[in-house]
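Novice: Could you have a look at this structure, given as structure tokens, before my questions?
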Protein chains: 2
Amino acid sequence: MICEIVCVGTEILLGDIVNTNAVYLSRQLALMGISVLRQSVVGDNNARLTEMLKQALDRSDIVITTGGLGPTADDITRDKCCEVMESSLVLSEEIKEEIEGYFVSKGLKMSESNIRQAYVPEDGIVFRNHNGTAPGFAIEKNSKCIIALPGPPREMKPMFEEYVRPLLRKYSTATIVSHNIKMIGIGESVMAEEAGSLLDGENPTVAPYAKDGECFLRVTASGNDEDEAEEKAKPIIEKITEKFDKYVYGIDEENIESVLVKLLKKHSLKISLAESCTGGYAAKRITDISGASSVFDCGVVSYSNEIKNKILGVNAEDLKKYGAVSEPVARQMAEGIRKLSGADYGVGITGIAGPLSDNTNKPVGLSYVAVSDKNGTECIEIMTARHDRDYNRYVNGSRAFDLVRRKIIKDYERKAEKQ
Amino acid sequence: MICEIVCVGTEILLGDIVNTNAVYLSRQLALMGISVLRQSVVGDNNARLTEMLKQALDRSDIVITTGGLGPTADDITRDKCCEVMESSLVLSEEIKEEIEGYFVSKGLKMSESNIRQAYVPEDGIVFRNHNGTAPGFAIEKNSKCIIALPGPPREMKPMFEEYVRPLLRKYSTATIVSHNIKMIGIGESVMAEEAGSLLDGENPTVAPYAKDGECFLRVTASGNDEDEAEEKAKPIIEKITEKFDKYVYGIDEENIESVLVKLLKKHSLKISLAESCTGGYAAKRITDISGASSVFDCGVVSYSNEIKNKILGVNAEDLKKYGAVSEPVARQMAEGIRKLSGADYGVGITGIAGPLSDNTNKPVGLSYVAVSDKNGTECIEIMTARHDRDYNRYVNGSRAFDLVRRKIIKDYERKAEKQ
């Protein structure tokens, strides 16, 4: 089955917004084994949209549109989809009531033009919109299928999940499953080299990726159904996690901070953060996670030497002698915040994030990350050799989180296994 | 002049990467007064790319491609562009030497396949690539123009700036300038209502936008050259900044934090941050800016009540009586961090970021932001009515930064004007 994605909206052509709908839909369809041959963007223009939809239906079995379902005169997708599929729009009293209800619930007045959104294709399947007013729809005719979804991602994505994925299942010839085995502390080329012949398989395939200072191996398997595909992926995933045991922080996990917060919660442990170069970024990442308050009480952003000394108790002599970006300072920051907060783990992060160095001769991208716990303090040196401030700050946080993760695994999970 | 953008790459169709090239090019072309009628993405497939390029050249005057200029067999853009423009590829000894030099400088070995990249259209204009190996090119023939650029944004963007923008000037019938007048503390609908007839103009046009809890009015003017366009925009920009004086934090500024850091630097002032719900996000935003150390020494993420009391000196009775999310606590946090840090401004932020409420009955989206300075402490209540954690946390930081900005304007800029 061949699919095309047509995104409708002059604002995309003006470069005002990034077309994240296309990447989302492409990814979901790829995982269902449906090939996307084209993505297109066209403005809110009758002739051009009609031409594009006709061409797309000529070439492809399925055409998915996003955008242009709103209430105003330049929202033309509803009409044009019906036109090319030789269908007609009819008023749905049910949808009309829903839209009216939506406005009432928000305490807003509905304008007459909103009624336009209550018109649906007479022979179509209607998708209710629980996050806005414009319903979506599908029209299936003459072995072609056109699917119209709203433009705002927070309306489009839930609608895809609820209605479109089940609908498209019948068009999917194979089920594809894909798992990302995520690692920290190993480089992409070393990872690829060590993976060796694991990368040569055909089903599943294994592909190396790198992003934001992390690496991952993506295992993709196909089968007649999900179970069959999963069965094929399983032994390879096991081989990889065994081989890269030290580095793997999770499979299909969103990021290292969510893994760490889960682990801390599991063992009723707390973390505290003393940040210099990351300037609150590490604390921000931990508190991005709803419910982080059960594992995190306290962070200090000690951007100046004075504050490092005053609040965290870093030795003033050491700050002078070794400089703020040094192993002794990272260690004392970690120990200081642990003491101040009473948390199980104290983390200290200090480095030169760039793009410029400080007034020492230390290179941009050099950082020290220390973790203090009841057994002592461990410090690692990081050298990214990059002048990218955001990258360096992100990597420092990730490496710190991974260091804590490894300690928890060692002290609370492996020990428990041994007993 | 009508333009189409064709992005080549199977990885985009698989949803592995977001197509940021399309948004960049569209924006640049819009600003040059060149209309982009379509953006398309096609995979690394001979027949499909040829078909797409032919159709695009039929419809449009200018076709810009990105991607598919690499050294491997599936990099076909070079060949296909030549084919549809009836041109031939010839080996450029100069480019060949450059590519060899690039590999030598990186200490890498050049593979035979890289020589492919030294082939250029015999009647084309070649764009050198200073950030990679693949050169770009343009072929102009029969009043059509095809432009091929490399796929990686860090190669494509500088090449566009250096070669493509000057080349396209002759196709640009008008010069368009666009300015964003950014505001905090006013809603989009109120802003639009107050703007009234300002929104009705044709040249310049004024359009309202809202994003991440901020609003802006975009003024877009066209003229025969840049000066003429700027002259047209100027009086309207002045009218808007005067009318919305209280809310405007900048014109074409990237964000409120960069405006605030500049202002603090200008008056040699320092800020300190005590964060609860924002959990380090506000500090992160300030320290995103290189050189923030001259205005920022210290932040405390006091996520628990205990830490609010212990480090910031928030009264334990008040924490109990009013709860952590309350005006008295925000005020005491601001005062506490100001005292602890010795900074000119102390900021306290406490709120319920969501998606769930705390164990009180306070609504998600409720926050208190306080700023303490030598004249006293001011606190505002914010109610976003949204359950979006990231949005609420972002808005809290922005409102806090804007509150400090207003104080600096009042105490250091307006007073100076009066004297």
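The values are calculated or read from the model by the stated rules, or taken from the named source; none is laboratory data. What you are looking at is a predicted structure, and each value in this text was computed from that prediction instead of being measured. FYI the Cβ positions are ideal-geometry reconstructions off the backbone, even for glycines, and counts take in every protein chain you see. The protein model used for the area step is the full one, side chains on, heavy atoms only, and it has no ligands, DNA or RNA in it. Shrake-Rupley method; radii C 1.70, N 1.55, O 1.52, S 1.80 Å.
Novice: Measuring nothing but label to label, 7 Å from Cα along Cα→Cβ, what are A:Ile115's distances to the other copies in nm, shortest first?
Specialist: 7.3
Novice: Roughly how big is region B:284-332's charge dipole about its Cα centre, with Cβ charges of +1 (Lys, Arg) and -1 (Asp, Glu), in debye to the nearest 20? Before the final figure, lay out each step's value.
Specialist: Values: 7 positive and 6 negative charges, 17 e Å.
Dipole of region B:284-332, to the nearest 20 debye: 80 debye.
Novice: Can you classify region A:2-44 as rounded, prolate or oblate using the Cα gyration tensor, where a ≥ b ≥ c are the square roots of its eigenvalues, rounded means a/c under 1.5, and otherwise it's prolate if a/b beats b/c and oblate if not?
Specialist: Prolate shape, in that a/c is at least 1.5 and a/b is the bigger ratio.
Novice: Of the options A:Cys145, B:Ser87, A:Asn224, report the single residue whose Cα projects farthest towards the positive end of the charge dipole of the protein assembly as shown (beta-carbon charges: Lys, Arg +1; Asp, Glu -1).
Specialist: A:Asn224
Novice: Given the whole protein assembly as supplied and a 1.4 Å probe, what does the accessible area of A:Val18 come to in Å², nearest 10?
Specialist: Here the accessible area works out near 60 Å².
Novice: What is the percent carbon and sulfur in the accessible area of the protein assembly as shown, measuring with a 1.4 Å probe over the protein chains and ignoring ligands? Could you put the intermediate results ahead of the total?
Specialist: Numbers: 17250 of 36030 Å².
Using a 1.4 Å probe with all protein chains present, the protein assembly as shown comes out at 48 percent carbon and sulfur.
Novice: Could you let me know the centre-to-centre spacing of region B:47-111 and region B:257-280, using Cα atoms, in angstrom?
Specialist: Using only Cα atoms, the two centres lie 48 Å from each other.
Novice: Further question on the same structure: Roughly what % antiparallel, to the nearest 5, for the DSSP beta bridges in chain B? Kindly include the intermediate steps, with their values, before the conclusion.
Specialist: Working: 44 of 71 bridges.
Here the antiparallel bridges make up roughly 60 percent for chain B.
Novice: With every protein chain present, what is the per residue accessible area of region A:324-419 (1.4 Å probe, Å²)? List each step's numbers first, then the result.
Specialist: On the way: 4210 Å² over 96 residues.
It amounts to 44 Å² per residue over region A:324-419.
Novice: Right, next: Give me the count of lysine pairs in region A:199-269 whose alpha carbons sit under 26 angstrom apart, restricted to pairs 8 or more positions apart or on different chains.
Specialist: Lysine pairs meeting both conditions in region A:199-269 amount to 17.
Novice: Over region B:180-339, what is the mean sequence separation of C-alpha contacts under 8 Å (at least six apart), divided by residue count, expressed as relative contact order in percent?
Specialist: On the way: 208 pairs, mean separation 26.8, N = 160.
That works out to 17 percent.
Novice: Same structure again: Mind pulling the angle between the C-alpha long axis of helix A:226-243 and the longest principal axis of chain A? Nearest 10 degrees, somewhere in 0 to 90.
Specialist: That works out to roughly 20 degrees.
Novice: Right, here's the next one. Just tell me which lysines come within less than 16 Å, Cα to Cα, of A:Lys362; anything on the same chain fewer than 8 places away is out.
Specialist: Output for A:Lys362: A:Lys320, A:Lys321.
Novice: Taking the simple approach of a point 7 Å from Cα along Cα-to-Cβ for both B:Arg165 and A:Ser105, what is their distance in nm?
Specialist: Taking the simple label geometry, B:Arg165 and A:Ser105 are separated by 4.7 nm.
Novice: Roughly how much accessible area, to the nearest 100 Å², goes out of reach of solvent when B and A pair up, both sides summed, probe 1.4 Å?
Specialist: Approximately 4600 Å², summed over both chains.
Novice: Let me ask something else. Could you work out the helix-only [θ] at 222 nm for chain B, with each DSSP H run of four or more residues adding -39,500 (n - 2.57) and the total divided by the number of residues, to the nearest 500 deg cm²/dmol?
Specialist: Using -39500 (n - 2.57) per qualifying helix, the result is -11000 deg cm²/dmol.
Novice: Report, to the nearest 10°, how far helix B:46-59 tilts away from the longest principal axis of the Cα atoms in chain B, using its own Cα long axis and a range of 0 to 90°.
Specialist: Here the helix axis deviates by roughly 80 degrees.
Novice: Now, a different point. Provide a list, ordered by number, of residues in region B:386-407 showing at least 40 Å² less accessible area with every protein chain present than when their chain is taken on its own, using a 1.4 Å probe.
Specialist: Hits at the 40 Å² cut-off: B:Arg389, B:Arg393.
Novice: Turning to a different aspect of this structure: What is the helix-to-structure angle for B:256-266, meaning the angle in degrees between its Cα long axis and the longest Cα principal axis of chain B, kept from 0 to 90 and rounded to the nearest 10?
Specialist: Value to nearest ten degrees: 70.
Novice: At a Förster radius of 35 Å, what calculated FRET efficiency corresponds to the Cβ-Cβ distance of A:Ser113 and B:Asp16, to the nearest 0.05? Mind dumping the intermediate values first?
Specialist: Details: r = 39 Å, r/R0 = 1.11.
After rounding, the FRET efficiency stands at 0.35.
Novice: Size of the dipole of chain B about the Cα centre, Lys and Arg at +1 and Asp and Glu at -1 on the beta carbon, nothing else charged, in debye to 20?
Specialist: It comes to approximately 1660 debye.
Novice: Hey, which lysines would be in cross-link range of B:Lys96, C-alpha to C-alpha under 29 Å, not counting anything within fewer than 8 residues on its own chain?
Specialist: Partners within reach: B:Lys80, B:Lys106, B:Lys109, B:Lys141, B:Lys144, B:Lys157.
Novice: What FRET efficiency comes out for the pair A:Arg48/A:Asp200, r = Cβ-Cβ distance, R0 = 41 Å, nearest 0.05?
Specialist: So, using R0 = 41 Å, E works out to roughly 0.35.
Novice: When each copy gets a label point 7 Å from Cα toward the beta-carbon at A:Glu93, what are the spacings between them in nm, shortest first?
Specialist: Output for A:Glu93: 8.4 nm, nearest copy listed first.
Novice: Let me ask something additional. Over all Cα pairs of chain B, how is the pair count split among 20 Å bins, expressed in % and running from 0 up to the last occupied bin?
Specialist: Percent of pairs per bin, in order: 22, 39, 32, 7, 0.
Novice: Can you list the copy-to-copy distances for B:Glu254, using a point 7 angstrom from Cα toward Cβ, in nanometres, shortest first?
Specialist: Here the equivalent label points are 2.6 nm apart from this one.
Novice: Can you compute the FRET efficiency between B:Ser172 and B:Ala207 using 1/(1 + (r/R0)^6), with r the Cβ-Cβ distance and R0 = 22 Å? Round to the nearest 0.05.
Specialist: That gives a FRET efficiency of 0.55.
Novice: Would you give the gap between the C-alpha center of region A:369-407 and the C-alpha center of region A:186-213, rounded to a whole Å?
Specialist: 24
Novice: If the reach is capped at under 16 angstrom between alpha carbons, list the aspartates and glutamates near B:Lys407, excluding any in the same chain fewer than eight residues apart.
Specialist: B:Asp245, B:Glu257, B:Glu335, B:Asp344, B:Asp373, B:Glu378, B:Glu417
Novice: Continuing with this model, one more query. Could you list the square roots of 5 times each eigenvalue of the Cα gyration tensor of region B:295-378, that is, the equivalent ellipsoid semi-axes, sorted largest first and rounded to whole Å?
Specialist: Ellipsoid semi-axes (Å, largest first): 22, 13, 12.
Novice: Principal axes first, then extents: for the Cα atoms of the protein assembly as shown, list largest minus smallest coordinate on each axis, whole Å, largest first.
Specialist: Taking max minus min along each principal axis of the Cα atoms, the protein assembly as shown gives 73, 67, 57 Å.
Novice: A further question on this structure: Could you check the simple spin-label distance between A:Ile2 and B:Ile186, using points 7 Å along Cα→Cβ, in nm with one decimal?
Specialist: About 5.3 nm, to one decimal.
Novice: What accessible area per residue comes out for region A:156-277, rounded to a whole number of Å², with a 1.4 Å probe?
Specialist: So region A:156-277 comes to 49 Å² accessible per residue, rounded to a whole number.
Novice: Tell me which of A:Thr350, A:Ile256, A:Tyr102 sits at the most positive position along the dipole axis of chain A, charges placed on C-beta atoms (Lys, Arg +1; Asp, Glu -1).
Specialist: Final value for the positive-end residue is A:Thr350.
Novice: Any idea which of A:Gln39, B:Pro166, B:Met383 is furthest toward the positive side of the dipole for the protein assembly as shown, if Lys and Arg beta-carbons carry +1 and Asp and Glu beta-carbons -1?
Specialist: Result: B:Met383, furthest along the dipole toward the positive end.
Novice: Right, something else. Return the chain A residue and its Cβ-to-axis distance, rounded to the nearest Å, for the rotation relating A to B.
Specialist: Here the value is A:Gly280, 2.
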